[in-house]
Amino acid sequence: MVSYDSSGKIDILDLLYDELEEQIRLLGEPKFRAGQIFDWLHVKKATDFAQMTNVSAQLRARLKEKFCIKSLFVVKRLESSTDNTVKYLYELEDGNHIETVLMEYNYGHTVCVSSQVGCKMGCRFCASTLAGFKRDLTSSEILSQVYEIERSEGVNVSGIVLMGIGEPLDNYDNVVNFLKQISAPKGRKLSLRHVSLSTCGIVPRIYDLAKLDLGLTLSISLHCPNDKGRSEIMPVNNSYRIDELMKACKDYFAATGRRISFEYALISGVNDSKNDADELAALLRGFNCHVNIIPVNKIKEREYSSDRAAAKRFAELLGKLGLNATVRRTLGADIDAACGQLRREYEI
């Protein structure tokens, strides 16, 4: 996948290994040079061609003429005083802004990355959509969020969640390219079993993803068990109704064998009743899945909210109805770690 910067240089972090090998061949260099450069980019995480000391000065100069290594610029860094969660607001080279969150668990560090600048899905309870959609991120801009976190925080990221700003399946090609990059055998080698992709339910792309059988975890933002209620808070439901979405999920599981996670943002007075729990249990009964209950963060532009106690009660209710349900651990509450809030505040 070849993309360019504003000066017409090829964004080298966008290139898969075989694509980089072809570019190096076009420069008249031997194939093994591609391996050296790929290692510098994806293992050593070089930010400048001058750092590639086992490559000749002449070749480094030619690389600089033809390629660029895009950078992220730190606008703000917030660190939670309660759980070591770190949130970054980054500025892209075109002046747009995205958010990335580093979360610490007992088993290691996970990064929540953004896939778009803004979001066009319009979910009523989400801050990501408030500032409007600007553009898709390139695969290198998604990848750079992981590499920049590792460089600046001195950690080794063991898990990735595509749950930040944007709808990953609305930026399908770039997201798939990113997944191939981050898991490349000659590069970062991250197992995609440690990657979770969250989607509001773009059905055709769920089928496309199933065909690739990448081994990742698919998380479906469901948030309501019936079409009437879901359409009110999630406009995407007007295009892909719940029965279509459930069929796609079952077909995805049949094709990949990977258990699906259903995200359920609990909203007081909207989707938290006993009847909602009964409907949700009926909808998912017999499905090999997990339900992740999420207390909705209060944002000033919306009336929607809930609390952890209510989420716990709802999860217990679902458990009695036979569903595997837990409440998502709240991280970075003191730094507004939910996606979209920091970018929105900065750009107002």
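Could you say which residue among L192, L212, L218, L222 is in contact with a Gly (Cβ under 6 Å, 6 or more places away or on another chain) and over 16 Å from Q116 (Cα atoms)? Working first, answer last.
Values: L212 fails: in contact with a Gly (Cβ under 6 Å, 6 or more places away or on another chain); L218 fails: in contact with a Gly (Cβ under 6 Å, 6 or more places away or on another chain); L222 fails: in contact with a Gly (Cβ under 6 Å, 6 or more places away or on another chain).
Answer to the check: L192.
Mind listing just one residue for me: the one in region 37-52 that is part of a loop (DSSP other than H, G, I, E, B) and in contact with a Lys or Arg (Cβ under 9 Å, 6 or more places away or on another chain) and, of those, surrounded by the fewest Cβ atoms within 10 Å (Cβ to Cβ)?
Here is the first cut: in region 37-52, the residues part of a loop (DSSP other than H, G, I, E, B) are 43-48, 52.
Within this subset, residues satisfying the condition of being in contact with a Lys or Arg (Cβ under 9 Å, 6 or more places away or on another chain) are 43, 45, 47-48, 52.
Values: V43: 13, K45: 17, T47: 16, D48: 11, M52: 20.
Looking at the filtered set, the residue picked out is D48.
Given the options D83, D39, D5, D48, name the one that is at pLDDT below 95 and more than 16 Å from S139 (Cα to Cα).
None of the others qualify; the one that does is D83.
Return yes or no: is G122 closer than 22 Å to E79 by Cα, outside any helix (DSSP H, G or I) and not β-branched (V, I, T)? If you could, list the steps in order and put the result at the bottom.
On the way: closer than 22 Å to E79 by Cα: no; outside any helix (DSSP H, G or I): yes; not β-branched (V, I, T): yes.
No; evaluated as a whole, the condition is false for this residue.
Can you confirm whether region 140-156 contains a residue that is surrounded by fewer than 19 Cβ atoms within 10 Å (Cβ to Cβ), in a strand (DSSP E or B) and not assigned by TED's automatic domain parsing to the domain that holds D48? Steps first, please.
Our first condition is that a residue be surrounded by fewer than 19 Cβ atoms within 10 Å (Cβ to Cβ); within region 140-156, this holds for 150-156.
Subset that is in a strand (DSSP E or B): none.
No: zero hits.
Can you confirm whether K70 is outside any loop (DSSP other than H, G, I, E, B) and out of contact with any Cys (no Cβ under 8 Å at 6 or more places or on another chain)? Talk me through it step by step, then tell me what you get.
Working: outside any loop (DSSP other than H, G, I, E, B): no; out of contact with any Cys (no Cβ under 8 Å at 6 or more places or on another chain): yes.
The answer is no for K70.
Looking at Q58 and the list (1) of a type outside the set (G, A, S); (2) closer than 22 Å to D14 by Cα; (3) at pLDDT 95 or above; (4) surrounded by fewer than 17 Cβ atoms within 10 Å (Cβ to Cβ), which single condition is not satisfied?
That leaves (2) as the condition not met.
Would you check if there is a residue in region 73-86 being within 19 Å of D170 (Cβ to Cβ), surrounded by 16 or more Cβ atoms within 10 Å (Cβ to Cβ) and within 21 Å of the chain's Cα centre (by Cα)?
Within region 73-86, none of the residues are within 19 Å of D170 (Cβ to Cβ), surrounded by 16 or more Cβ atoms within 10 Å (Cβ to Cβ) and within 21 Å of the chain's Cα centre (by Cα).
Counting only residues that are farther than 26 Å from P295 by Cβ and either of a type outside the set (K, R) or outside any loop (DSSP other than H, G, I, E, B) (or both), how many does region 241-271 have?
Restricting attention to region 241-271, the residues satisfying the condition of being farther than 26 Å from P295 by Cβ are 241, 243-244, 247-248, 250-258.
Narrowing further to those that are either of a type outside the set (K, R) or outside any loop (DSSP other than H, G, I, E, B) (or both): 243-244, 247-248, 250-257.
Residues meeting the conditions: 12.
Determine whether A265 is at pLDDT 95 or above and small (G, A, S).
Working: at pLDDT 95 or above: no; small (G, A, S): yes.
No: the conditions fail for A265.
Can you pull out the residues in region 93-120 that are more than 17 Å from the chain's Cα centre (by Cα) and either under 20 Å from S158 (Cα atoms) or in contact (Cβ under 8 Å) with a residue 24 or more places away in the chain (or both)? Quick ask: steps written out before the conclusion?
Initial filter on region 93-120 (more than 17 Å from the chain's Cα centre (by Cα)): 93-96, 105-108.
Of everything in region 93-120, those that are more than 17 Å from the chain's Cα centre (by Cα) and either under 20 Å from S158 (Cα atoms) or in contact (Cβ under 8 Å) with a residue 24 or more places away in the chain (or both) turn out to be E93, D94, N96, Y105, N106, Y107, G108.
Looking at V236, V157 in this structure, which one is more than 15 Å from the chain's Cα centre (by Cα) and β-branched (V, I, T)?
From the options V236, V157, the qualifying one is V236.
When only residues in region 188-215 that are in a helix (DSSP H, G or I) and aliphatic (A, V, I, L, M) count, which is surrounded by the most Cβ atoms within 10 Å (Cβ to Cβ)?
Applying the first criterion (in a helix (DSSP H, G or I)) to region 188-215 yields 192-194, 203-212.
Subsequent filtering for residues that are aliphatic (A, V, I, L, M) retains 192, 203, 206, 209-210, 212.
Details: L192: 18, V203: 19, I206: 23, L209: 25, A210: 19, L212: 14.
Per the stated criteria, the residue is L209.
Matching residues to (1) touching a residue at least 40 places away in the same chain (Cβ under 8 Å); (2) under 16 Å from L13 (Cβ atoms):
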| residue | (1), (2) |
| --- | --- |
| V43 | yes, yes |
| Q51 | no, yes |
| N54 | no, no |
| L63 | yes, yes |
| K66 | yes, yes |
| L72 | yes, yes |
| L78 | yes, no |
| Y88 | yes, no |
| E91 | no, no |
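If you take the residues in region 272-312 that are part of a helix (DSSP H, G or I) and modelled with pLDDT under 95, which one is surrounded by the fewest Cβ atoms within 10 Å (Cβ to Cβ)? Spell out the reasoning first.
Just the residues of region 272-312 that are part of a helix (DSSP H, G or I), to begin with: 274-284, 308-312.
In the following step, the residues that additionally are modelled with pLDDT under 95 were identified as 308-312.
Details: R308: 15, A309: 10, A310: 18, A311: 24, K312: 15.
The qualifying residue surrounded by the fewest Cβ atoms within 10 Å (Cβ to Cβ) is A309.
Spot the failing condition for E91; the list is (1) on the phi < 0 side of the Ramachandran plot; (2) out of contact with any helix residue (DSSP H, G or I) (no Cβ under 8 Å at 6 or more places or on another chain); (3) surrounded by fewer than 16 Cβ atoms within 10 Å (Cβ to Cβ); (4) not polar (S, T, N, Q), and only one is missed.
(3)
Can you report the number of residues in region 103-119 which are in a loop (DSSP other than H, G, I, E, B) and not polar (S, T, N, Q)? Don't jump to the end; show me each part of the working.
Within region 103-119, the first condition is being in a loop (DSSP other than H, G, I, E, B), and the residues that meet it are 106-107, 113-115, 118-119.
With the extra rule that they be not polar (S, T, N, Q), the set shrinks to 107, 113, 118-119.
Residues that pass the stated criteria total 4.
The values are calculated or read from the model by the stated rules, or taken from the named source; none is laboratory data. Note that the structure is a prediction, hence the values are computed from the model and not measured. Cβ atoms come from the backbone with ideal geometry, glycine included; neighbour counts cover every protein chain shown.
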